[in-house]
Every structure is written in structure tokens, then in C-alpha cells.
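Visitor: Just passing along the structure, written as C-alpha cells.
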Amino acid sequence: MTLDLPVIFAALMGIAILAYVVLDGYDLGVGMLMPAATTAQQDLMVASIGPFWDANETWLVLGIGLLLVAFPAAHGIVLGALYLPVTAMLIGLMLRGVAFEFRVKAQGWHAELWNWFFWLGSFLASLAQGFMLGRYVTGFESGAGYWLFALLVGASLCGGYVLLGATWLVLRTEGELQQKARAWARWGIMWVALGVALVSVATPWMSEMVRDKWFDFPRTLWLMALPAASVGAGIFVWRSLRPAAADWKPFAGAVTIYVTAFTGLAYSIFPFVVVDRLTIWEAAAHPSALQFMFWGVVIVLPCIAGYTVFAYRVFRGKVKGGLYE
Amino acid sequence: MDAAEAFILARTQFGLNIAFHILFPSLTIGLGWFLLYFRVRYECTKDAAWLATYKLWLKIFALSFAMGVVSGIVMSFQFGTNWPGYMNKVGAIAGPLLAYEVLTAFFLEATFLGIMLFGMNRVPGWMHIFSSVMVAAGTTLSAFWILALNSWMQTPAGYVVAGNQLIAGDWLAVIFNPSFPYRFTHMLLASGLTAAFAIAGLSAWRLLYEPSDRSATRTLRVGALVAAVLVPVQIFVGDLHGLNTLHHEPAKIAAIEGIWKTEKSAPLVLFAVPNEEKRRNDYAIEIPKVAALILTHDANGELRGLDDFEPDRPTVAPLFFGFRIMVGTGVSMLLLSWFGVWRLRRGEPPRALLWMFSAFTFSGWIATLAGWLVTEIGRQPWLVTGILRTADAAGKITGAELGASLTVYVLTYSLMLLAYFVVITHMAGKGAQA
């Protein structure tokens, strides 16, 4: 068979990471919004992500797992260069994950403490992920400008997750909390717009590769469809935040922003897996390993998609509170 | 800081992380099947006490599972950062096994756990039971893949050399490598025992507060009975596993038994302080010929000593003591579970017995950790026996980065473990509520 396995696995890794960013993005966003809600609302917010966060986080394991097993040479370089932000992210994810469990079981000031850990964990993980992305796309260059750029991406991703979290709450809650969520979503979208504008201006300066790929007429004209779609989706989210609009629309719009932004990013980097250093073919694992995994993925991934959709169907509708039924 | 120190830090960090992680799967693999039993009993009897029991243990399961998930994610990063040489050399074999674990087990467990936890009133009864089956099966499948990989590192098989790396020649031989069936069975039983003693122990704890709690009385019996059945099976399987190790990794056995020189009719060393410098046991208490008898089934049989393997042999002390802690814990578990089952059948248990079971709540963890240290340290200096040395797999992470992250991990893990103990003893103390 003449399948280009490295390309297939790069696509799979991309899908896993995109799935992670969207899915865990909304629950990290909900976590970051916690301090803005009342205690009763916090319980509803946590209940809305309760059945999903474990599985959502598993997409990160799959994404990183595919990087490790399909592109082992890149795994060491990328995660070695990002060692400290990765540690920060992991600590954040740990705090968030266990705080989720502990906050319902603790009482009094303990519960309040775990609520803060839940917020802190969500925020730390989000900031670290954005920071890692910023370091990654610039090829881990050293220099104050590059670090500042990474921080900027980190802050923007936090805004992006807040947007996802808020629109998720618009979809899953009602009444006063939903009203609040609409207001949060508006702040989120302004935050994202500012962040994306700054990052878009800064990126071509930071990375020659990105500049060459995007500013190459007449291809540029076609490529402009992607940012145009992002802006369109942003406007769609803003307009559908009116109470009259259907509750699913803001979330769908926010997901669209992520899909278009991610496609743009993937286009910028391909075929590199370590920017400017390693292509996916250079970093790929031995064909025998890819072949063996390929069949597993072909069989198992549709099953995963199937029961994930099933789980989301089981828990569709508005959360009414009461975490454990 | 020099490379040697960074290497020690890398090992400490990875070892600490895995030791922390292994606690939770070792509980949840067994607990998943107990939960299924509780759930099915409720479905058959419609007795609210079974439902309350199920819900209490489901919460403890969810908490333990979350601890396992978050510490497991750390591992998926540390494989590459701490041991890049490992992936370079054997990634084509280790990688797919890990990938299959994520694909076939992790998503299954996580997704259906959501339905188990929050979906009881949203799906039909059979679907809820099916979810419980999927979660239990998922935890067991994940043990299958990770132990296939771990066993392969101990007793590699089915590989072909391709340039600088190894690739799989025969995947079935890779997965079902010589030590895998023993190790996998040993681990599943260990997990069953960990869960059984945790259930019995926490139920006994509850009964100390509230002697009339029906749910806790039941779960104490279930836990004690399962333990009483599984401990002897485990001792038998453990013995087979030991013989398998003697065949494939004789240096490990020599270190466990404290046999420094190849000899006939080696004695069984009950206790000693291994002296690495002088290569002998100090303060030894021995039973003549018994080690030879146990391991070769012949009192005059010859056992290879550590001198045969120099310099590629593990440090003796951790294996020697770790093994004795494991076996000692196992024997105490046998005595307590048998006595407990016998005493529980005669009527209300005395408080002293309840205290004993409470004290043994985490005995499974002690035995599992001790056994795991024996098998992993026993593989040194190899990361993959005969193929890759641990030192050759280390990465370029600096000592400062390792030290900083290690400190943060230690703090976080201590906080998590403390909170975990407080919460589960509190939950168990309150008991099951319908």
C-alpha cells in the first residue's frame, strides 16, 4: 500500500489537538469564569462540564501520545524546549482535575479553597498552553521579543477559552446564569479579537516562514478566506448573543473560529513538526510502527467518535443542578 | 550541576511520578469490577442499601480515577522529556503499545465514567450497567497494554534490529513476551486485593462509628471474602512469577535473595543487612538450603550469585527489603482475611477486628509499591534488558529544570495525597446514603 503514513498521522495528531483545544477549552474557560459567579451558579457551571472533562482531557493524551509515538524525534525536541511551561500546564491540569472532585466533597472554607484551586488550575493550564503555542510557532527562538510574543499568545488563548466556556454556558444553562454568560461571551470575543489582531500583526515579524507562506500573491487572495471566515464567525457569535437567537449558535460560532484559526496555523507550519528544523517525514517513526497503529486508529477512532457523540446526547439540554444524580 | 546528578534527578522525578500514579490505577482496576457487582446486585434486588453502597464507592472510584488521570497525563510527557533515548531506540515498539492503550482504554473509561456518574436517571438500567462494564473493562484493558510494554522491557521478545533502532518482527511475540502472562495476572490480582482491602478497611472504619450500618457490614464481608480468596491465588501466581524471573532475569532473583556468590544449597535469608561494599550480608538470619529448594525444587540445586553478573546487576538493598516488605504484607493480608472471614461468619465483629481491617485499608498499596520497586529496580542498569541502558536513554533537560519541576511535583502530589486521604476517610466515615 502506498499511503503516506506520516501525513496521515500528522493529520490525526492535528485532529486530536484541535479536538482537545475545543473540548477542554470550554471546560477550562468555565473554570476561569468561576470567580465571576455566585456559589449556586458555580455548582451549575461545574455540573455542566462534569460528565465530560475526563474524556476531554484524554484528547490531550492522544495528541501528545501521537506526537510521541508517530514523531518521536520531535517529541523530545518540542517538549524538551517547552519543559517549564509544560510543567506549569501539568500542574494546572492536576489542580483543576482534583479540585473538580474535591470541591463537591469538601465543606466550609475547604470548599472555597478548592474553588480557587479550580480557577487557578484552569488559568495556569490555559496560559501555559498559549505560551507553549507561542514558543512553538516561533521555533523556540530566544530573545525578549519572542518571550513577549509567547505571553501575548498565552493571554489570547485564555480569552479564547473564556469565549468557548461562556458560549458553552449559554448553550447549557438558563435564566440569570445564561444572561451572565452572554455578557462574559461578549467580553471574551473582544478579548479574542484584540489578541488575534495583535498576534496576526506580530506573527509575520516573528517567523519568516509564516511570512513567506501567507504573503505570496496570488495565493494570498485565496488564503484570505481563512481570516475572513474567522472574522465572519466572530461577528456571527456577537450577533447571536442576543437573547432572541438560538442558544447553540454562539458556541457553534466560537468553535468555527477555532477550526479556521487552527487550519490557518496548520497551513503555516506544514510540513514541519518542529518549525524550520524537522519535517514530519524526518521525524516519523519506523513505518512498521505507523502501519501497526494505522489499523488500530482506523478501527477504534470511529468507535470513540460514536460513543462520545452518544455521551453528549445523553447529557443534552439544560443543567438543572445536582451534580450526582 | 553535572550530568550524573541530572540523571539521578531524572530518575527520581520519573520514579516519584510513576509511584504516585500507580496507586490509583491499582485501586480502580479492582474497584471497577466491585462497582459492577454492587450495581448488578441493586438491579436484581432493588434494595436501596445496594444503591447507596454503589453510589458511595462510585464517588471514591471517581476521585481515585481523577487522581490517576491527572498523574497519568504527566507521564505521557515525561516519557519523551526524561528518556528521549528510549523512544529513539525502542519507540517503534513502545509507541504503538502506548497508543493502543490510549485508543482502546482511556477514552472508553473516561466517557462511560461520565455516564456512570451522572447518567443514572438519563439512560435505561441496562445501559447504565453496560457503562459500568465498559469502565471496568477499560481499566483492565489499560493494564493489559501497559503491562505488555513493561514486561517487554523486562523480557524483550519478537523484535528485529533495523539500523539504530528495534522494530517489531512479530507483534504477538512482543505483546505476549515471556514474562507478560505472569506479570499481568500478578498485577490484576494485586489490584483486586488493593480494592478488596480498601473496601473492607473503609467499611470497618465506618462500623467503628456506626456499628449498625447495613451497607458497611455488607461491604466489609464482601471485601474480606474476596481478599480471603485472592490472597492464596496471588501467593501461588507470585511464586510462578518468581520462577519465570529466575529463568529470564536471574540477577534480579540473586539480589532479592541476597545471594552474593554462585553456590549450591543456598540458604533462605529471612533477614539481613546487605553490605554492598564487602559484598556480603551482615546480621543474616538464614534457613539452610531453603532458597535452593524453593527456586530449583532441589535442596542441592545451584543458584547463580551476583558475582556472575558483575557489573551489570542491580543494587541489592532495595530489592532485598522491597521483596520482604511485599511478602510480609502479603502474609499478613492472608492471616487477617482468613481470620476476618471466619470471625465475621460468627456474628458481630469485635472492635479490635474492625481496627485491624482499618489499619489494613492501604495494605494493597504497600505491597504493590514494594513489588513494583523490586521489579523495576531489579531491571537496572538496563532500561530494556540487554538492549538499552537507563543511563543511555537520559535526555538533555538540565539539572536546574529537573530540580525546579521536581520540587513543584513533590508539593503538588503531597497536597493531592493529603486531600485524598482526608476526603475518602471522611466519605467512608459518613457511610453510604441512599
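The values are calculated or read from the model by the stated rules, or taken from the named source; none is laboratory data. All values derive from a computational prediction rather than experimental measurement. For neighbour counting, all protein chains shown are included, and Cβ atoms are generated from backbone atoms with ideal geometry for every residue, glycine included. These area figures cover heavy atoms from the full protein model, side chains too; ligands, DNA and RNA do not enter into them. Shrake-Rupley method; radii C 1.70, N 1.55, O 1.52, S 1.80 Å.
Visitor: Out of (1) more than 13 Å from chain B (Cβ to nearest Cβ); (2) farther than 18 Å from residue B:107 by Cα; (3) surrounded by fewer than 20 Cβ atoms within 10 Å (Cβ to Cβ), the odd one out for residue A:28 is which?
Guide: Only one criterion in (1) more than 13 Å from chain B (Cβ to nearest Cβ); (2) farther than 18 Å from residue B:107 by Cα; (3) surrounded by fewer than 20 Cβ atoms within 10 Å (Cβ to Cβ) is unmet by residue A:28, namely (3).
Visitor: Does residue A:273 fit the bill of being under 20 Å from residue A:185 (Cβ atoms), in contact with a helix residue (DSSP H, G or I) (Cβ under 9 Å, 6 or more places away or on another chain) and within 14 Å of chain B (Cβ to nearest Cβ)?
Guide: No.
Per-residue answers, yes or no, for (1) buried (at least 21 other Cβ atoms within 10 Å of the Cβ); (2) under 28 Å from residue B:279 (Cα atoms):
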{"residue": "B:316", "(1), (2)": "yes, yes"}
{"residue": "B:332", "(1), (2)": "no, no"}
{"residue": "B:357", "(1), (2)": "yes, no"}
{"residue": "B:360", "(1), (2)": "yes, no"}
{"residue": "B:384", "(1), (2)": "yes, yes"}
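Visitor: Residues being open to solvent by less than 60 Å² (accessible area, probe 1.4 Å), within 9 Å of chain B (Cβ to nearest Cβ) and part of a helix (DSSP H, G or I): count how many of those fall in the stretch A:301-325.
Guide: Summing the residues that are open to solvent by less than 60 Å² (accessible area, probe 1.4 Å), within 9 Å of chain B (Cβ to nearest Cβ) and part of a helix (DSSP H, G or I) in the stretch A:301-325 gives 6.
Visitor: Hey, another quick one. Residue under question is residue A:131, and the condition is that it be of a type outside the set (S, T, N, Q), open to solvent by 20 Å² or more (accessible area, probe 1.4 Å) and within 14 Å of chain B (Cβ to nearest Cβ); does it hold?
Guide: For residue A:131, the condition - of a type outside the set (S, T, N, Q), open to solvent by 20 Å² or more (accessible area, probe 1.4 Å) and within 14 Å of chain B (Cβ to nearest Cβ) - is not met.
Visitor: Is it the case that the stretch B:352-375 has a residue that's in contact (Cβ under 8 Å) with a residue 40 or more places away in the chain and within 12 Å of chain A (Cβ to nearest Cβ)?
Guide: Checked against the condition, which is being in contact (Cβ under 8 Å) with a residue 40 or more places away in the chain and within 12 Å of chain A (Cβ to nearest Cβ), the stretch B:352-375 yields no hits at all.
Visitor: Hey, any hits in the stretch B:171-185 for a residue that's touching a residue at least 12 places away in the same chain (Cβ under 8 Å), part of a strand (DSSP E or B) and closer than 20 Å to residue A:289 by Cβ?
Guide: no
Visitor: If we scan the stretch B:269-280, do we find a residue that is touching a helix residue (DSSP H, G or I) at 6+ places or on another chain (Cβ under 6 Å) and either under 23 Å from residue B:234 (Cβ atoms) or not in a helix (DSSP H, G or I) (or both)?
Guide: Looking through the stretch B:269-280, at least one residue is touching a helix residue (DSSP H, G or I) at 6+ places or on another chain (Cβ under 6 Å) and either under 23 Å from residue B:234 (Cβ atoms) or not in a helix (DSSP H, G or I) (or both).
Visitor: Are any residues in the stretch B:18-41 open to solvent by 20 Å² or more (accessible area, probe 1.4 Å) and either within 13 Å of chain A (Cβ to nearest Cβ) or more than 16 Å from residue B:113 (Cβ to Cβ) (or both), and if so, which ones?
Guide: Listed by number, the residues that qualify are B:18, B:19, B:21, B:22, B:37, B:40, B:41.
Visitor: Working only within the stretch B:274-288, note down all residues that are open to solvent by 70 Å² or more (accessible area, probe 1.4 Å) and either polar (S, T, N, Q) or within 14 Å of residue B:254 (Cα to Cα) (or both).
Guide: Within the stretch B:274-288, B:279, B:280 meet the criteria.
Listed here are the residues, each with its yes/no results for (1) open to solvent by 10 Å² or more (accessible area, probe 1.4 Å); (2) under 22 Å from the mean Cα position of the chain (by Cα).
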{"residue": "B:43", "(1), (2)": "yes, no"}
{"residue": "B:47", "(1), (2)": "yes, no"}
{"residue": "B:67", "(1), (2)": "no, yes"}
{"residue": "B:77", "(1), (2)": "no, yes"}
{"residue": "B:87", "(1), (2)": "no, no"}
{"residue": "B:108", "(1), (2)": "yes, yes"}
{"residue": "B:125", "(1), (2)": "yes, no"}
{"residue": "B:128", "(1), (2)": "no, no"}
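Visitor: Return the residues of the stretch B:376-394 that are part of a helix (DSSP H, G or I) and modelled with pLDDT of 85 or more; say none if nothing qualifies.
Guide: B:376, B:377, B:390
Visitor: Return only the number of the condition from (1) among the small types (Gly, Ala, Ser); (2) more than 18 Å from residue B:74 (Cβ to Cβ); (3) at the interface with chain B (Cβ under 9 Å from one of its Cβ atoms) that residue A:48 does not satisfy.
Guide: Among (1) among the small types (Gly, Ala, Ser); (2) more than 18 Å from residue B:74 (Cβ to Cβ); (3) at the interface with chain B (Cβ under 9 Å from one of its Cβ atoms), the lone unmet condition for residue A:48 is (3).
Visitor: Which of the residues that make up the stretch B:295-308 are without any contact (Cβ under 8 Å) to a residue 40 or more places away in the chain and not polar (S, T, N, Q)?
Guide: B:297, B:298, B:299, B:301
Visitor: Criterion first (open to solvent by 10 Å² or more (accessible area, probe 1.4 Å), facing chain A (nearest Cβ under 8 Å) and assigned to a helix (DSSP H, G or I)) does residue B:121 satisfy it?
Guide: Against the criterion (open to solvent by 10 Å² or more (accessible area, probe 1.4 Å), facing chain A (nearest Cβ under 8 Å) and assigned to a helix (DSSP H, G or I)), residue B:121 does not qualify.
Visitor: Would you kindly identify the helices (runs of 4 or more DSSP H) lying entirely within the stretch A:185-273 that contain at least 3 residues that are surrounded by 15 or more Cβ atoms within 10 Å (Cβ to Cβ) and aromatic (Phe, Trp, Tyr)?
Guide: Correct list: A:248-269.
Visitor: Residues in the stretch B:322-338 that are more than 20 Å from residue B:187 (Cα to Cα) and either out of contact with any helix residue (DSSP H, G or I) (no Cβ under 7 Å at 6 or more places or on another chain) or not in a helix (DSSP H, G or I) (or both): how many?
Guide: Number of matching residues: 1.
Visitor: Is it true that some residue in the stretch A:164-180 is in contact (Cβ under 8 Å) with a residue 60 or more places away in the chain, within 16 Å of residue A:233 (Cα to Cα), β-branched (Val, Ile, Thr) and surrounded by 20 or more Cβ atoms within 10 Å (Cβ to Cβ)?
Guide: The answer is yes; a qualifying residue exists.
Visitor: Oh, and also: Find all pairs meeting these conditions: Cβ atoms under 6 angstrom apart; at least six residues apart or on different chains; first residue within the stretch B:99-116 and at the interface with chain A (Cβ under 7 Å from one of its Cβ atoms) and at positive phi; second residue buried (at least 24 other Cβ atoms within 10 Å of the Cβ) and assigned to a helix (DSSP H, G or I).
Guide: Here the result reads none, with nothing in the stretch B:99-116 linked to a residue that is buried (at least 24 other Cβ atoms within 10 Å of the Cβ) and assigned to a helix (DSSP H, G or I).
Visitor: Right, something else. Just the residues that are within 7 Å of chain B (Cβ to nearest Cβ) and free of Cβ contacts under 8 Å to residues at least 12 places away in the same chain, please, taken from the stretch A:276-300.
Guide: Selection gives A:286, A:288, A:292, A:296, A:300.
Visitor: Here is a check on your reading of the model: is residue A:151 assigned to a helix (DSSP H, G or I), open to solvent by 60 Å² or more (accessible area, probe 1.4 Å) and away from chain B (no Cβ under 14 Å)?
Guide: Answer is yes for this residue.
Visitor: Moving on to the next point. Sort through A:76, A:50 and tell me the only one that's open to solvent by 20 Å² or more (accessible area, probe 1.4 Å) and of a type in the set (Gly, Ala, Ser).
Guide: A:76
Visitor: Could you tell me whether residue A:55 is in contact (Cβ under 8 Å) with a residue 60 or more places away in the chain, buried (at least 24 other Cβ atoms within 10 Å of the Cβ), closer than 27 Å to residue B:77 by Cα and within 7 Å of another protein chain (Cβ to nearest Cβ)?
Guide: yes
Visitor: Turning to a different aspect of this structure: How about the stretch B:395-434: which of its residues are part of a helix (DSSP H, G or I), more than 9 Å from chain A (Cβ to nearest Cβ) and farther than 22 Å from residue A:97 by Cβ?
Guide: Selection gives B:399, B:400, B:403, B:429, B:430.
Visitor: OK, next. Tell me which residues, restricted to the stretch B:380-397, are under 25 Å from the mean Cα position of the chain (by Cα) and among the basic types (Lys, Arg).
Guide: The one that is under 25 Å from the mean Cα position of the chain (by Cα) and among the basic types (Lys, Arg): B:389.
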